[in-house]
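Okay, so here's the structure we're looking at.
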Amino acid sequence: MLVSRILTASLRSGLGLGVVLLGLSPHLAQAQTSQTPQAPQAVECEILIAGGGLGGVAAALEALSLGRQVCMTEITDWLGGQVSTQGVSALDERPLQRQQNLFPARYAEFRRRVQATYGQSNPGRCWVSALCFSPTVGQQVVREMLKPYERSGQLRLFTDTVVKDLDRSDNQLTAVTAIRHQPRQPAQNSEAYGRPLSAYLLDWYNPAPSPLFDKTVIRFVPPAQRSGSRLPWVVIDATETGELLPLARVPYRVGSDPPNRWEPSASRAVEAYCTQGFTYPFVMERTATPQVPIKPEFYESPLHKPYYSYEKPEFNFARIFTYRRIRGQQAGQTEAAIRVGDQTLQNWTWGNDWRISIPTQNLVLTDAQLRESRQLEPGGWQGGLRVEALRQAEDHALGFFYWLVAGQTDSQVPGARTGEYHFRYRLMRGTDSPLGTEHGLSRYPYIREGRRIVGRVSGSYPQGFTIYETDISQKPSDLNRGRPYLFYDAVGVSQYPIDFHGCIDEQFAALPGNTSVAQAPSYPFQIPLRALIPQEVENLLAGNKNIATSHISNAAYRVHPVEWAVGAAAGNTAAFALSNNLFPGELTLPTAQARAQLSQLQTQIRQQGNLTLFPGATIFETQWANYR
């Protein structure tokens, strides 16, 4: 049935002929063969996790350790998200959690395994983080942690797989259709994956085989033995952009929010296309011999060259190189500290951040844009992203490398680049490079913000549950309590500043009411269960940056340990709900039975080695401001 709908929609929209829908780049569509997809392969799962990033991995490890059968899909051929696929393997943490070991147990295990691989605590000797390492190692460690469950058959991994469609009956998802793309010539992956994501995205969402990829249509369904149960299975959306939310037809937000009492820093105008900037990281290496930098043909474009900058006078090439250094022989932030063979990961705000987000260039398509492009019609889903924005960001990242080694301008610090060259550095490319790609960029961009669910309506939250700025911020306001808001339904904890990479227009100016980059301190905060539970669908959970945050609070909930804690909470909740045959939303009802069951879930989470409250953090604590 679903395959028929997909094929009908593909023929109707012309996708099989390489025609691209509104808002997407026409020159990036892959020509398809005349072959048609085979009948779908049926796969049963107790828990289906869409997305193999940190949230998805954390959810899987928790549910697997509790004895559940798990399936996990991932759009790329790597697992690990930020620490691997997205090339952000410099952990964004705060001293409070690190010094007191207040991380989720399996996140702490991941850190220990990375350090054990190198035999040192910080192999990169970077200065932005206490642990910087190669994305390849991040991928290897994640796979090692999952391997025992994969060997036993308890976990079924589906890498190179995208979600294409959902079946929803009343208030539950009953099936999920996915497409697996496999290179026709695995030994020649350089051809199949030789270009960045923008070259393949549309191909991967087309069920018809293409010149480079064979396709398998997979239909994920609940286990037959749970047929007739109130809760046959649970689906966790751990995708990087909240990809399942439009397909599930649940209320969600994208972009900026209107100002209100709880969101005093919000934009004056609601701009659904205004999400935080996203980034294609790359790795560069200090070489013994001079390199010949080749200026990209797009470098002089007004979208690229006028943007790049050291940002502040105190920054320079050496400080940026050592900032996220992933292999280093000597600590320090000067040229003298850089040795031949040192490698650095580049993720710089006024560098490879892509923050232009206007209605014709935004990455995450809004609901109106999805409808206009017919992606919400049966079989029409193509990932919900603007391919042209991906391509521009890819170019922008490659342009930043050229600027670092040979650029002569600085958009924020006039005169800082005149006469400065750095020729003994190369962009690392190839399958044996830290990012493992021929083009030298990350397999998938680092996504700071995508679609965010709107939590359930209640008397206290008539517009739907949301974690607001004033719930976590130390910024003075009429609602600043001198501490964070303490949630009765907390299922995780973390801390990070509200680190906001605001959207800008094509002139690199902040959009009205948005600062281009802002950071505000936050208190240690909690992850409430209500932030994981969408409206209308009972067996869907958010398990990544798509939880019910506001546009501003999202900037604190997007980093490595927080995403892991969110995923761990989702995995625990899914396993608990299945064991007790109840809907996750029932745990938040204002009844004595629900409170007792919620307490049992929180006990399970703590027994799994995860916190629901920072030690000593109560409404009577008066030293919250000291928790930095």
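The values are calculated or read from the model by the stated rules, or taken from the named source; none is laboratory data. Remember, predicted model here, so these are calculated numbers, not experimental data. So basically every Cβ, Gly included, is an ideal-geometry build from the backbone, and we count neighbours across all protein chains shown. Note: areas computed on protein heavy atoms with side chains; ligands, DNA, RNA excluded. Shrake-Rupley method; radii C 1.70, N 1.55, O 1.52, S 1.80 Å.
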Apply the Karplus curve 6.51 cos²θ - 1.76 cosθ + 1.60, θ = phi - 60°, to the phi angles in region 294-301 and return the couplings in whole Hz, x for Gly and Pro.
9, 5, x, 5, 8, 4, 6, 4
If I model region 221-354 as equal point scatterers sitting on the Cα atoms and use the Debye formula, what is log10 I(q)/I(0) at q = 0.11, 0.15 Å⁻¹?
-0.73, -0.97
Accessible solvent surface per residue of the chain, calculated while the other protein chains remain in place, 1.4 angstrom probe, Å²:
35 Å²
Contour minus Cα-Cα distance for L303 and T591 (0.36 nm per residue)
98.1 nm
Using each residue's phi in region 254-265, evaluate 6.51 cos²θ - 1.76 cosθ + 1.60 at θ = phi - 60° and report the 3J(HN,Hα) Karplus result to the nearest Hz, with x for Gly and Pro.
9, x, 7, 10, x, x, 8, 4, 8, 9, x, 8
Per DSSP H run of at least 4 residues, take -39500 (n - 2.57); add these up for the chain, divide by its residues and hand me the 222 nm value, nearest 500 deg cm²/dmol.
-7000 deg cm²/dmol
With a Förster distance of 60 angstrom and the Cβ-Cβ distance between S169 and Y421, calculated FRET efficiency to the nearest 0.05 equals 0.40
Any lysines with Cα under 28 Å of the K545 Cα? List them, leaving off those in the same chain fewer than 8 positions away.
K147, K164, K475
How long are the three semi-axes of the equivalent ellipsoid for region 51-189, computed from the Cα gyration tensor as the root of 5 times each eigenvalue, in whole Å, largest first?
30, 19, 14
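Would you mind estimating how fast region 474-582 diffuses translationally, via Stokes-Einstein at 25 °C and 0.890 mPa s with the Kirkwood radius over Cα pairs, in µm²/s? Intermediate values should be presented prior to the final figure.
Numbers: Rh = 15.5 Å.
Using the Kirkwood radius from Cα pairs, D works out to 159 µm²/s.
When DSSP beta bridges are limited to those with both residues in the chain, what percentage is antiparallel, rounded to the nearest 5?
65 percent
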So if we plug the beta-carbon distance of V457 and A518 into 1/(1 + (r/R0)^6) with R0 = 35 Å, what FRET efficiency do we get, rounded to 0.05?
0.70
Name the residues whose placed amide hydrogens come within less than 5 Å of the amide hydrogen of F213, ignoring near sequence neighbours (fewer than 5 apart) on the same chain.
R184
Can you give me the long-range amide H partners of Q172? Hydrogens built in the peptide plane at 1.01 Å from N, cutoff under 5 Å, separation of 5 or more residues or another chain.
E538
Read phi for every residue in region 225-237 and hand back ³J(HN,Hα) as whole Hz from Karplus 6.51 cos²θ - 1.76 cosθ + 1.60, θ = phi - 60°, with x for Gly and Pro.
5, 9, 4, x, 6, 4, 10, x, 6, 10, 10, 10, 8
Zone of S229 (label point 7 Å along Cα→Cβ, backbone N under 12 Å): which residues in region 574-597?
574-583
Two-site FRET efficiency, T409 against E314, from Cβ-Cβ distance with R₀ of 22 Å, rounded to 0.05
0.75
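Once Rh is set to the Kirkwood radius over Cα pairs, what Stokes-Einstein translational diffusion coefficient, in µm²/s, holds for the chain at a temperature of 25 °C and a viscosity of 0.890 mPa s? Mind showing how you got there, number by number?
Details: Rh = 24.6 Å.
Taking Rh from Cα pairs, D becomes 100 µm²/s.
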Run the quick spin-label model on Q291 and I619: label points 7 Å from Cα toward the beta carbon, then report their separation in nm to one decimal.
5.7 nm
Label point distance in nm, A510-R339, each placed 7 Å from Cα along Cα→Cβ
4.2 nm
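Send over the per residue convex hull volume for region 209-271, Cα only, as a whole number of Å³. Intermediate values should be presented prior to the final figure.
Working: hull volume 11.6 nm³, N = 63.
So the per-residue Cα hull volume is 185 Å³.
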